[in-house]
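Reviewing the structure listed below.
Rule-based calculations on the coordinates, nothing more; no lab input. Keep in mind the model is a prediction, meaning the values are calculated, not measured. Cβ coordinates were reconstructed from backbone atoms using ideal geometry, including for glycine residues, and neighbour counts include every protein chain displayed.
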Amino acid sequence: MRKFTVRQFIRNLFSGKRSSQSTEISRTTKEIILSKDQKTLTGIRNKEVTEIVIPDGVTEIGYRAFVGCSSLTSVVIPNSVTKIGNQTFVGCSSLTSVVIPNSVTEIGKYAFDGCSSLASVVIPNSVTKIGENAFLGCSNLTSVVIPDGVTEIRDYAFGGCSSLTSVVIPNGVTEIGNYAFEGCTSLTSVVIPDGVTEIGGNAFSGCTSLTSVVIPNGVTKIGDKVFSGCTSLTSVVIPNGVTKIGDKVFSGCTSLTSVVIPNSVTEIGYRAFGGCTSLTSVVIPNGVTVIRGKTFENCTSLTSVVIPDGVTAIQDAAFLNCGSLKSVFIPNSVITIDDEKFIYSEILGYDRHISFAFVGAGCEAQVRLHYWHLIE
């Protein structure tokens, strides 16, 4: 029988070569910090790391786990992970792509916020929740497919994704949050699915390349500034279900030439069409009772407007600087213009008053001479 010294035995015991996989796991384990139960990745020891392979068995990538890892270019997420926590990859400005496995059901708030090099991301069908600001400022992201299980696109979810050219919104989505796609300057078209009932404020504001949008019949509320600054938008049809058009919804849509406002609309917000310099005509629906301040301010191409019998008030600067508006018929129902009380009159050439509501409009003389007599 061959004899061994204790030293030889120990040397032989540990002399076997490790597999490359074992070496990789060992290296990764040294760089990551896990919770006591080894289920949650809580942080990274080396903030200069460029690649990370998260080991199997981890079920959650925790709060701010990779924050400050500005050199991280790739990360492998195992199938055991079910949740990507809040602010997980905030500021990982070198991260170029990520594949999220089918096991993940939730992407937390600010999860990829500021990942400015992220060009592609695969979101699996298992995901049912995408948190606020999840991909905010991912300025290199070109396309995204939102999975069918998601029912709400939360506030700022894709805000500032300036390279995003296309987005697929699934039929299960019922609400698009505030600023959801704000500043997506490369987005050219969007189809909002039939299930959506509410479009949040500023949802598509500043989408300067957006030329067309389809708003489904199920939408009942269009929030403030939803399409504000969409300078390439040429036409829009507002569906019959909408009852309110919020403040500044189409403000600054300089290419908008036509808009169809349905009879279901009873309220049009402040400066809703302000600065729509290409808009030539508009029909205000019968349910509207007040034309709010600056609603059509600086609509310099507006040549005709139909004000329905139900309107009782025209507020400050409603048609300010509408220089192409040569005539307008104001119905008998209107009793207030610019907070001044008027009665309908066919007396010509008497009243010297000119309402601020029509200052700068081509029809201002007709408003003064033909239609109104100020109650002294």
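Remarks
- Across the range 212-264, C-alpha contacts under 8 Å between residues 6 or more apart give a mean separation that, scaled by the residue count, equals a relative contact order of 43 percent.
- Computed FRET value (nearest 0.05) for Ser103 with Thr151, which takes r as the C-beta separation and R₀ as 25 Å: 0.80
- For Arg45 and Ser120, a Förster radius of 25 Å and the Cβ-Cβ distance give a FRET efficiency of 0.35, rounded to the nearest 0.05.
- ³J(HN,Hα), Karplus 6.51/-1.76/1.60, whole Hz, each residue of the range 219-229, x for Gly, Pro: 6, 10, 9, 10, x, 5, 6, 4, 10, 4, x
- Other residues with beta-carbon under 14 Å from the beta-carbon of Gly218 carry, at +1 per Lys or Arg and -1 per Asp or Glu, a net charge of -2.
- Between Lys221 and Val168, the FRET efficiency estimated from the beta carbon spacing at R0 = 22 angstrom works out to 0.45.
- Averaging the Cα positions of each part gives two centres, and for the range 37-88 and the range 251-324 these lie 52 Å apart.
- Separation of the Thr59 and Val283 label points, Cα + 7 Å toward Cβ, nm: 6.0
- Extension gain, Thr303-Gln38: 0.36 nm per intervening residue step, less the Cα-Cα distance, totals 88.4 nm.
- Within the range 28-95, percent of DSSP bridges classed antiparallel, to nearest 5: 30
- Net charge of the neighbourhood of Asn171, taken over other residues with C-beta under 9 Å away and scored Lys/Arg +1, Asp/Glu -1, is -2.
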